[in-house]
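Here's the structure, in structure tokens; my notes come after.
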Amino acid sequence: MNAEPDLARIASTIGDPRRIQMLSLLMEGRALTAKELALGAAIEPATATSHLRRLLDDGLLESTAQGRHKYFRFASEHVAHLVESLMRVAPPRKAQAPARGDDPIRRARFCYDHLAGTLGTGLLALMLRKRWLEADSADPRQLQITAAGEKALGTFGLDLDAARARRRQLACRCLDWSERKDHLGGALGAALAEQFRALRWIDRQKHSRLVRITPLGSEGFSKLGLALA
């Protein structure tokens, strides 16, 4: 008999300001050391160790030792989805000015390993409009690649068989916290983002979730029918 999930425990874990800040830092998609997470959360390394142990014990993080360092990352994509969901419903910090439509974080960023912001939502809308993707009849949040999509996505050099072989959802809708529209998540969303980087259509800013659309990318997206201000 399966035990019920301990929601109070997980809520307490992520409810600590230091621990949720660590999780937010890992939304960059990179594995970080304990020292980097401590600096990002503005706490002492010894304090960070106890918080990281709690995150590990509750299955939110996993660690990998390499040389003298231990690197921390999300234990699964479900943790990234959890943090992104919290970002959607969390009120803005009072000290911050209201976000503008031209803010870089709203224009283009990574949502863990796939594209978000106006770039991400625009891409999904484009693929649905061109009928490269269609909703799964059993679950509208899940998406299927059409025959036209197979052909079109193949022109970008995507290995769709490799994307299907990954142990995660192939393509799904992911609600964007800044745009309040869906962007493309899942293995296909991650593969497409990486291929745009390989094509040099986008650059990811170092140590950041922000994405810069290159002149080559602006031209390429425009040819696809995606207008980017």
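The values are calculated or read from the model by the stated rules, or taken from the named source; none is laboratory data. Nothing here was measured: the structure is a model prediction, and the numbers come from that model. All Cβ positions, glycine included, derive from the backbone under ideal geometry; neighbour counts span all protein chains shown.
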Within region 17-33, residues touching a helix residue (DSSP H, G or I) at 6+ places or on another chain (Cβ under 7 Å) and either closer than 13 Å to residue 60 by Cα or not polar (S, T, N, Q) (or both) come out as 18, 19, 20, 22, 23, 24, 25, 27, 32
Restricted to region 141-169, and to residues that are assigned to a loop (DSSP other than H, G, I, E, B) and either surrounded by 11 or more Cβ atoms within 10 Å (Cβ to Cβ) or not assigned by TED's automatic domain parsing to the domain that holds residue 199 (or both), which residue is farthest from the chain's Cα centre (by Cα)?
146
Neighbours by Cβ (under 6 Å, 6+ apart or cross-chain): first from region 141-165, under 25 Å from residue 217 (Cα atoms); second loosely packed, with under 13 Cβ neighbours inside 10 Å and not aliphatic (A, V, I, L, M)
146/131; 148/131
If you take the residues of region 109-140 that are part of a loop (DSSP other than H, G, I, E, B) and hydrophobic (A, V, I, L, M, F, W, C), which of them is farthest from residue 171 (Cα to Cα)?
138
Going through 107, 129 one at a time, which residue ends up being at pLDDT below 90, basic (Lys, Arg) and under 25 Å from residue 212 (Cα atoms)?
107
May I ask you to say which residue of 82, 23, 39 is surrounded by fewer than 18 Cβ atoms within 10 Å (Cβ to Cβ), in contact (Cβ under 8 Å) with a residue 60 or more places away in the chain, not assigned by TED's automatic domain parsing to the domain that holds residue 186 and not in a strand (DSSP E or B)?
82
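Residue by residue, here is whether (1) touching a residue at least 24 places away in the same chain (Cβ under 8 Å); (2) buried (at least 16 other Cβ atoms within 10 Å of the Cβ); (3) out of contact with any strand residue (DSSP E or B) (no Cβ under 6 Å at 6 or more places or on another chain) holds:
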position: 3; (1), (2), (3): no, no, yes
position: 15; (1), (2), (3): no, no, yes
position: 28; (1), (2), (3): yes, yes, yes
position: 48; (1), (2), (3): yes, yes, yes
position: 64; (1), (2), (3): yes, no, no
Of everything in region 195-211 that's outside any strand (DSSP E or B) and touching a residue at least 40 places away in the same chain (Cβ under 8 Å), which residue is farthest from residue 132 (Cα to Cα)?
207
Being assigned to a helix (DSSP H, G or I) and either out of contact with any Gly (no Cβ under 8 Å at 6 or more places or on another chain) or closer than 19 Å to residue 29 by Cα (or both), is that true of even one residue in region 171-186?
yes
Yes/no for residue 73 being outside any helix (DSSP H, G or I), touching a residue at least 60 places away in the same chain (Cβ under 8 Å) and among the basic types (Lys, Arg)
no
Which ones in region 212-229 are part of a helix (DSSP H, G or I) and not charged (D, E, K, R)?
215, 216, 217, 218, 220, 221, 222, 224
